[in-house]
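One structure is given below, encoded as C-alpha cells.
The values are calculated or read from the model by the stated rules, or taken from the named source; none is laboratory data. Quick caveat: nothing in here was measured; it's all calculated off a predicted structure. Don't worry about glycine lacking a Cβ; one is built from the backbone with ideal geometry, like all the others, and counts go over all protein chains shown. Quick note on the areas: whole protein, heavy atoms, side chains included, nothing else; ligands and nucleic acids left out. Shrake-Rupley method; radii C 1.70, N 1.55, O 1.52, S 1.80 Å.
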Amino acid sequence: MVTTMAGQYRNLLFLLADQLRHDAPGYALGGKGLSKTPHIDRLASRGIAYSRAYTPLPVCAPARQSLLCGRHPDSFGAFWNHGFFNTPDFVPPSTLTQNLAACGKRGYFAGKWDIAKGTKPQDFGFSAYCSKSEYALYYKDRYPALNFEGGWMGCESPVKLEDADTHFFARKAVDFIREKPSPNENGFFLWVDFGVPHLPCRPSAPFSAMYSAKDFPPWQGFGDPKENKPYCHKQQTLNWNLDKASWEEMAAQVARYCGVVSQLDDAIGFIVKALEESGHLDDTLIILTSDHGDMCGNHRMFDKHNTMYDDIVRVPLVISGSSFTPHSSEALVSNCLDLPLTISSLMGLPALSGAHGFCLPLKGESTRNFITSSSNGQQFGFFNTRMITDGRYKYVWNLTDVDEFYDAQTDPGECCNLIYDSSMAEYIKKFRRELFNDLKAHGDPFASEWLAPQLLEGRKL
C-alpha cells in the first residue's frame, strides 16, 4: 500500500463527457449557456467553474490517456485514436487511478473505455467496471430490431429514457455507491465516462423535444469566408458535405446536441442524489470535464479534427466539493494535465511521476500565462498543428500550411486570420518562441532542429 498524506477528500466522483463544448452547460457564459443543466449547475454552485480550461489534444483517446497520467499526449506518442492506426501501448510510469487503488480505495468504472487497445479498466486500478459492450447487450435484448436514422447527424431516439446509455451507466454508478464497503476500504473512486454528446446525437424523449432549430442564432464564425486559412479548413466542409448547408439545417443538429447535453445532466443528477443519500456528498471530490468540444456547425463544421478553434479546444471544467469557496475562475488551465495533480493533492496521494501540469488554482490565482494544445489530424489524414493562447490572442503553428493568429477581443468568431498583419508581428514572434519552449519542455517530437527555424526564426510563408 502506498503511503499518502492526509487528503481533504476520501472519495472521488469523476464525470467525463465526450465532446462537450465549454459553453454547453447552463452555468457557462454567466448563466447563459446553450443547454438547461440544473444538476451540473448545482455542482458548479458548490465549487469552482473554470471558464478558460483547454484540452491538450482534442481527440478522444489521447485526452483520456493524458487524464490518467498528467502528461501531454504528444510526449508519449498518443497522437491519434487507437481505432484508426496502430498506436503505441499506453504504459505511463504511474496513473492517478493506480495510485488511488494502491492506497486502499475501491474503484469502479462505467461507460466508454477509450484508453488503449487491448486494455481494460482493471489494468489501471479499477476493481470492477461496466463497459459499452455490456450496454450493447442490454440494448439489443430490449430493442432487437431498432434502426436509427440520420447517420452522423443523429435523430430523435426511440429508446426510452430509462434504457438510454446515459441512464444505464448512471444506474450502474448508483449501484456502486450503494454497495456496502468492506471493513478495510479506504474510500472509493467512481469514474463515469458517458460517451456523449459525441456524434451522432440521439436524445430520447422528453429531451428530444426540449430544443428546436429556431432557438439558436448562427454562430459568429458561421459565415467565415476562410480567407488566408489553411486548406484543410475548407476541405473539412467538403468532407462532411456541409459547404452549402443552411444554418437551419445545422441548427437542427445543435438542437439535438443540446438535447443530449440536458439528458446527460439528468443522468448526472441521479448519481449525485445517490451520493447525497449515502451520506458521502461532503467527503467526495466531484470533477466534471470533457475530452474536447464540438464544432457544432460553426465555420460550417461538425465534430473535431484538423482545426484549433475554441469550439473544440476549450472545455468545461468544474471541481466541486465541501472545502471550496464557490466561484467562477478565469485562470488558464489545462484540464487533462492539471486534474491528475490536483486530485492527487486534494486526496493525499503521492505525486505522479513525469506529470506536466500544475495544481489547479483554487482561490483565483493563475499559475500560467498561456496554454498550449496540439492536433495531428486523423479523420481525413495527417495535419499537424500546435496552438498557444493567453486567453485573448491565439497563435496556431501549422507545420505544412499557413499559420493562424486570432484576437478573441475583436474577433470572437475566429474568422479573421491576422498572421500577415504587420501590427501583430511582435506578438506573433513572442508566441512562436513561447510555443517552442513549451513543446520542447514536454517532449513534443516536432520541437526539433528541422522545424525549430519556423518558430525561432520566423521562417514561414
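Here are the numbers for this structure:
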quantity	calculated
Segment 321-419 - Debye-derived log10 I(q)/I(0), Cα point model, q = 0.12, 0.15, 0.16, 0.24 Å⁻¹	-0.55, -0.79, -0.86, -1.23
Fraction of accessible area attributable to carbon and sulfur, segment 335-455 (%, probe 1.4 Å)	53 percent
Segment 221-319, accessible surface, carbon-and-sulfur percent (1.4 angstrom probe)	46 percent
29 Å Cα-Cα threshold exceeded, pairs from K112/K440; K132/K394; K117/K394; K160/K234; K32/K273; K117/K244	K112/K440; K132/K394; K117/K394; K160/K234; K117/K244
For the chain: accessible area per residue (Å², 1.4 Å)	40 Å²
Fraction of beta bridges assigned by DSSP in the chain that are antiparallel (%, nearest 5)	45 percent
Label selected from (1) 34, 27, 20; (2) 41, 29, 18; (3) 40, 24, 21, the criterion being semi-axes √(5λ) of the Cα gyration tensor in Å as computed here	(1)
Computed E for A209/D89 - FRET, C-beta separation, R0 56 angstrom, nearest 0.05	0.80
Relative contact order, percent, segment 364-442 [alpha-carbon distance under 8 Å, six or more residues apart]	19 percent
Protein accessible area in segment 92-185, 1.4 Å probe - carbon and sulfur %	52 percent
Projected label distance in nm at W152 and K440, using a 7 Å step from Cα toward the beta-carbon	3.9 nm
Debye log10 I(q)/I(0) for segment 1-70, one point scatterer per Cα, at q = 0.12, 0.13, 0.21 Å⁻¹	-0.45, -0.52, -1.08
Set of segment 156-185 residues, backbone N closer than 13 Å to the point 7 Å along the Cα-Cβ line of E134	168-177
Point-to-point label distance, K117-S448, nm (Cα→Cβ direction, 7 Å offset)	2.3 nm
